[in-house]
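Peer 1: Starting off with a structure, shown below.
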Amino acid sequence: MEQAYDYMAWSTLDKVMRIMGFSEKFTHWIIQCITWPKFSLLINGQRTDWIRAESGFRQGCPLSPYLFILCFELLTKGFRQWGADLGIQVARNSERVSHLLYADDILIFAEASRCNAKRILKLLEVYCSWTGQRINCGKSAVMFNRKCPSWRQMAMAKLVGFRKVSSFDYLGLPMVLRRPKRADFGGLIKSTQDKTNLWGSKLLSQAGRALLIKTSLLATPMFLITHTIVPHGVLHEVKKIARTFLWQQETGSRGMHYIAWEELCLPKAQGGLGFRDLCRWQSALRARLAWNFLTDPESMLHRLLVAKYGSDLWKRPHCRYVSTAWRVMQDGAKALRQIIRWEIGNGQEINVLQDTWILDRCIARWPTFVDAGALEDGRVGQLLDRNFYWDVEKVEEIFGTIIAQRIVDIPTLRGSGDDRPNLCYSQASSSVAAMAYGAMMDGGGDFKFLWFEKLKLHPREYFFWWRVLKGAIPCNVWLLRRGLVDSPICPWGCDVEETLDHCVAQCSKLVCVMDTLRRWSFNMPNVSSLDMLLMVLAEGIASNPGIGRIYCYAVYQLWRARNNMSYGRSYRTPSVIAATVLSLLPRTFKMPMLEQWSTIQPLGLPPHKLWCSPLQVGLNSTLTLRCNRPIRLVWVL
């Protein structure tokens, strides 16, 4: 429709609300809300007279979409009364679908015949006469089935006055009568690339780039991968753009990829950065659609898909060609299966081995001695008698006495009939998609340095130390093994090889920085290797995390100075580095000194044994004697 909000007549809204049964008072309030506003234009600094609108709903008003939907119900009523036999059926016994509405976008389905075309045009003409709206012929199009003859396609397109297309986009999704190809998602790749070009990378730290990738770049294809089949080549291209953006040094360069993308996509609890693996994430997003399919049998989508393919999402359909909607549902059902537990009704929907109906995991994942071959593709209903009670003898024969006792204690919904799915975990803290993705990523083992997050470092320092823990810092020994430098000697003149241990514990410049901090009353640890440093930090993480935070900041600032020196740029001296480290501390940690008194204590002391030595504070004071000569004194407290 052409400017749908602007052309909607107010009289139409008034009549629709009265016909739908809204009270006279409420209808009057709504009409007053949309007719009262006035507008004024500012032209060359001069404000015009007030202008009153004569029709339409105001863009941006939160009430406008709901009022527009009420008026759009006229078109739906018209199709039900005068076009009941229009539309298409997805299955022989399914209901007809004549149209879909979203805002001003209308999708109409009908058999390609002159009679149907004239009836649809008549319906639209009557609707426009009621509401004052107009059809945008320039943006409207008609698409035909591949079995429709070309001569009929040309005749029908000429009759309706719309252009004939082979594909179009509806609500951001490509509508095609074939398998989606990479070319159909060129806009997605371009949008992702445009974001990286807009952000750039020269003025962004790697931590900043990682945050943009996680929150924005990988979220770009989320709507598409949820609702349609996106080729893996497109997802690989998006992943490639994100990977290049993270590691490139400047726009147009590739950069060295220090850590595999698969490791970056691991959850933080398993040692990754929590990036989304798009191939797995799309299944988790579709799990929400599968959950809605199971729990909302009254929806139109549920009714249509059940009529076509049945209600079992985990059963392979018998037909040769499967629609995109059903493929999306089945992919989501695979991810959903790991996070739902079934309440047993008749047991016909529950797979004995693959579904969760005992405790919180399926039997296939249990370390039991159950004969899995005898239960392959078996249903829980086979373990029930005619009255939907447990067949105790059969259960004990298959599972043994111990497991059988646990099974027969499970109550069944004897009078309810169908089985009911429930989420294994509470939905209060996370969404269905998040729970499904967490279940798919589970099982990788805990990260042994997970305690490191308790230091609460800034994002840049945290990303640097995460790379240190992964051994992905380009020290000279690391670069020499890859043939990128000629000498492994430390660039600070230490006359020893620059290893990871040397960078974080042994370097002479780092020793100078630590000595400076010690002179400023900070009891910095004295370590000789990375392993020793991690052990000391882990021991003091609960009682004195401040010293660990200062040490980590100092190593990062020294690494930045080292890189500046290597590239011929100006770099900071040890005393300036020490001052910079203290400036990075939180405000509550810097002032006053008594709030951080534990920083001058040994790192490993428990909290109840920490003691603060008296602090020397200088106080300037001016006294005036009888001779009126000012004398400056320093009081030492």
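The values are calculated or read from the model by the stated rules, or taken from the named source; none is laboratory data. Owing to the predicted nature of the structure, the values given are computational and were not obtained by experimental measurement. Neighbour counts run over all protein chains shown; Cβ positions are idealised from the backbone, glycine included.
Peer 1: Among the residues of the stretch 24-73, what is the count of those that are among the β-branched types (Val, Ile, Thr) and touching a Ser or Thr at 6+ places or on another chain (Cβ under 7 Å)? If you could, list the steps in order and put the result at the bottom.
Peer 2: In the first step, residues of the stretch 24-73 are kept if they are among the β-branched types (Val, Ile, Thr); the result is 27, 30-31, 34-35, 43, 48, 51, 69.
Imposing the further condition that a residue be touching a Ser or Thr at 6+ places or on another chain (Cβ under 7 Å) reduces the set to 48, 51.
Residues that pass the stated criteria total 2.
Peer 1: Can you run down the residue pairs with Cβ atoms below 6 Å, 6 or more apart or on separate chains, where the first is in the stretch 126-143 and closer than 17 Å to residue 103 by Cβ and the partner is at pLDDT below 85 and among the acidic types (Asp, Glu)?
Peer 2: Going by the 6 Å Cβ cut-off, the qualifying pairs are 134/2; 136/2.
Peer 1: Conditions: (1) assigned to a helix (DSSP H, G or I); (2) modelled with pLDDT of 90 or more. Residue 528 meets all but one. Number of the miss?
Peer 2: (1)
Peer 1: Let me ask something else about it. Could you grab the pairs with beta carbons closer than 7 Å, sequence gap of 6+ or different chains, first residue in the stretch 490-508 and without any contact (Cβ under 8 Å) to a residue 40 or more places away in the chain and closer than 18 Å to residue 471 by Cβ, second one buried (at least 17 other Cβ atoms within 10 Å of the Cβ) and of a type in the set (D, E, K, R)?
Peer 2: 490/498
Peer 1: Within the stretch 93-125, restricting attention to residues that are farther than 22 Å from residue 73 by Cβ, touching a residue at least 40 places away in the same chain (Cβ under 8 Å) and surrounded by 13 or more Cβ atoms within 10 Å (Cβ to Cβ), which residue is nearest to the chain's Cα centre (by Cα)?
Peer 2: Going through the qualifying residues, I end up with 94.
Peer 1: For residue 289, which of the numbered conditions (1) closer than 30 Å to residue 420 by Cα; (2) outside any helix (DSSP H, G or I) fails to hold?
Peer 2: The single condition residue 289 does not satisfy is (2).
Peer 1: Still on this structure, I have one more. Is at least one residue of the stretch 145-167 over 37 Å from the mean Cα position of the chain (by Cα), in a helix (DSSP H, G or I) and closer than 19 Å to residue 72 by Cβ?
Peer 2: Narrowing the stretch 145-167 to residues over 37 Å from the mean Cα position of the chain (by Cα): 146-164.
Still in the running and in a helix (DSSP H, G or I): 150-160.
Retained after the next criterion (residues that are closer than 19 Å to residue 72 by Cβ): none.
Looking through the stretch 145-167, none of the residues is over 37 Å from the mean Cα position of the chain (by Cα), in a helix (DSSP H, G or I) and closer than 19 Å to residue 72 by Cβ.
Peer 1: Moving on to the next point. Hey, could you check the stretch 105-126 for residues that are touching a Gly at 6+ places or on another chain (Cβ under 8 Å) and among the aliphatic types (A, V, I, L, M) and say which is farthest from residue 3 (Cα to Cα)?
Peer 2: Of the stretch 105-126, the ones touching a Gly at 6+ places or on another chain (Cβ under 8 Å) are 109-110, 119-120, 123, 126.
Pick out the ones that are also among the aliphatic types (A, V, I, L, M) and you get 110, 120, 123, 126.
On the way: 110: 25, 120: 21, 123: 19, 126: 18 Å.
Residue satisfying both the conditions and the ranking: 110.
Peer 1: Right, residue 323: surrounded by 14 or more Cβ atoms within 10 Å (Cβ to Cβ) and over 30 Å from residue 217 (Cβ atoms) or not? Can you show your working first?
Peer 2: Values: surrounded by 14 or more Cβ atoms within 10 Å (Cβ to Cβ): yes; over 30 Å from residue 217 (Cβ atoms): yes.
For residue 323, the condition - surrounded by 14 or more Cβ atoms within 10 Å (Cβ to Cβ) and over 30 Å from residue 217 (Cβ atoms) - is met.
Peer 1: Give the stretch 19-46 a look and list any residue that's under 22 Å from residue 61 (Cβ atoms), in a helix (DSSP H, G or I) and among the aliphatic types (A, V, I, L, M), or say none.
Peer 2: Kept after step one, since they are under 22 Å from residue 61 (Cβ atoms), are these residues of the stretch 19-46: 20, 22-23, 25-42.
From what's left, in a helix (DSSP H, G or I): 25-35.
Answer for the stretch 19-46, where residues must be under 22 Å from residue 61 (Cβ atoms), in a helix (DSSP H, G or I) and among the aliphatic types (A, V, I, L, M): 30, 31, 34.
Peer 1: Would you mention how many residues in the stretch 435-479 are surrounded by fewer than 18 Cβ atoms within 10 Å (Cβ to Cβ), small (Gly, Ala, Ser) and either in contact with an Asp or Glu (Cβ under 9 Å, 6 or more places away or on another chain) or modelled with pLDDT under 90 (or both)?
Peer 2: Of the residues in that region, 4 qualify.
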